[in-house]
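The values are calculated or read from the model by the stated rules, or taken from the named source; none is laboratory data. Fair warning: this is a prediction, and the values are worked out from it, not measured in the lab. Cβ atoms come from the backbone with ideal geometry, glycine included; neighbour counts cover every protein chain shown.
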Amino acid sequence: MSLANLLALPLLWGIMRSRWEGLSLMLAYFAAGSRGLPGGAVVFFGDEAPHWWGLAMWLAVSVLLSAPFALCWSRVPAKRAVGFVLALLVSLVPPLGIVGWLSPLSIAGILFPAGGWIGLALTFVLFIALVRQRVRWLAGFAIVVAVANVSMHRGPIIHRDWLGFDTSFPRLSSAGADHASQYLSSMQRIEWLRGVISEMPANATLVLPETLIGRFDGVAQAMLAQAEGDLTAKHSKVLVGAELPQESGRYKNAVVVLGAKGHEDRAAIQGIPVPISMWKPWTNDGAEADLLARTNTITVNGLRVGVSVCYEQLLAYSLVRVMADKPDVIVAVSNVWWARSTNIPQIQTQSVRAFARLFHVPVVSAKNI
């Protein structure tokens, strides 16, 4: 779906004549947009969860994201317009922002490239104008959008010698699994990674997908010790997904920097792992979360690198949060083998690139699919 179609939402919201009509509109939008979730969940969980689990998650998230719009609906046109914006804000920030994907705010990157926070604010104003059907306002916005897109017809340049590389490792676990089969698979991927590193040129930075290393424990570190030495000698680096085991029994889903020297940053930590499957705050295992995402941005080769890991690429909150760190480049890594036949990878790509375009930041991506 083209992001430009999102402009129809506030326009349709403006002609809704009851709270239930408003709820139905947004429910249809979120349910249709996340239609790949039930099938993807069945593949992801396999026999570990009943097949209706994916359907239940799909319906629950769609209802949760639609509820603020129903609550903020009003018969008064002016209040209805403000209510639409208020509902967007409520669904943007935690706690609802933890599942706040498919945000209509993604359109800001298409309309106001390099507009940054001003472009985001203008998008809210545009939504109000669409709900109110203010023709003069809309004509003015059309001119501003045209000028913005003409002046920013060239996107940000990806930094030289940075490369993202996609992989296709089957059933790559992202849940801290330490079963024998997963451990053996991890060793095989590390061997593959050592071969890649041996062939890397000097002064290069390679980005690889989420969880590719698996558990980054003592064994994995020992296996990569010589490869890290080779990277240091060549002044090259590899940013690759790994799981950092914690003494508590949990783990941090991270992107580690192989080849980092001295006091250079060595890992960026995912702020919001996937709820239920990875982030399980009610247990003593699973991934740790940090809703403030204080370790998402690191420095690599003198550049501020904002790291967005898989699920975070779907969340408007996570993307806006990382943009607040003023990164020089966005590194977007994911492990979506389980969703290759769904629309989820496409939504991830659209979302990341829309917000990166809004803040005029280049993107280097790598996915396992």
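Per-structure values
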{"read-out": "Single residue of the stretch 34-53 satisfying the filter (under 23 Å from the mean Cα position of the chain (by Cα) and in a loop (DSSP other than H, G, I, E, B)) that is surrounded by the fewest Cβ atoms within 10 Å (Cβ to Cβ)", "value": "35"}
{"read-out": "1 or more residues closer than 30 Å to residue 107 by Cβ and basic (Lys, Arg): qualifying strands (runs of 3 or more DSSP E) within the stretch 220-319", "value": "303-309"}
{"read-out": "Index of the failed condition, residue 80 passing every other in (1) more than 27 Å from residue 124 (Cβ to Cβ); (2) part of a helix (DSSP H, G or I)", "value": "(1)"}
{"read-out": "Residue satisfying condition, being assigned to a helix (DSSP H, G or I) and more than 20 Å from residue 311 (Cα to Cα), within set 105, 138, 65", "value": "138"}
{"read-out": "Given (1) surrounded by fewer than 21 Cβ atoms within 10 Å (Cβ to Cβ); (2) under 15 Å from the mean Cα position of the chain (by Cα); (3) more than 18 Å from residue 267 (Cβ to Cβ), index of the condition residue 341 fails", "value": "(2)"}
{"read-out": "Qualifying position, being surrounded by 24 or more Cβ atoms within 10 Å (Cβ to Cβ), within 18 Å of residue 6 (Cα to Cα) and either under 11 Å from the mean Cα position of the chain (by Cα) or in the same structural domain as residue 260 (by TED's automatic domain parsing) (or both), among 318, 351, 308", "value": "351"}
{"read-out": "Single residue of 87, 56, 81, 67 found to be under 24 Å from residue 293 (Cβ atoms) and either of a type in the set (Ser, Thr, Tyr) or more than 19 Å from the chain's Cα centre (by Cα) (or both)", "value": "87"}
{"read-out": "Any hit, the stretch 120-130, residues being in a helix (DSSP H, G or I), at pLDDT below 75, in the same structural domain as residue 77 (by TED's automatic domain parsing) and closer than 30 Å to residue 75 by Cβ", "value": "no"}
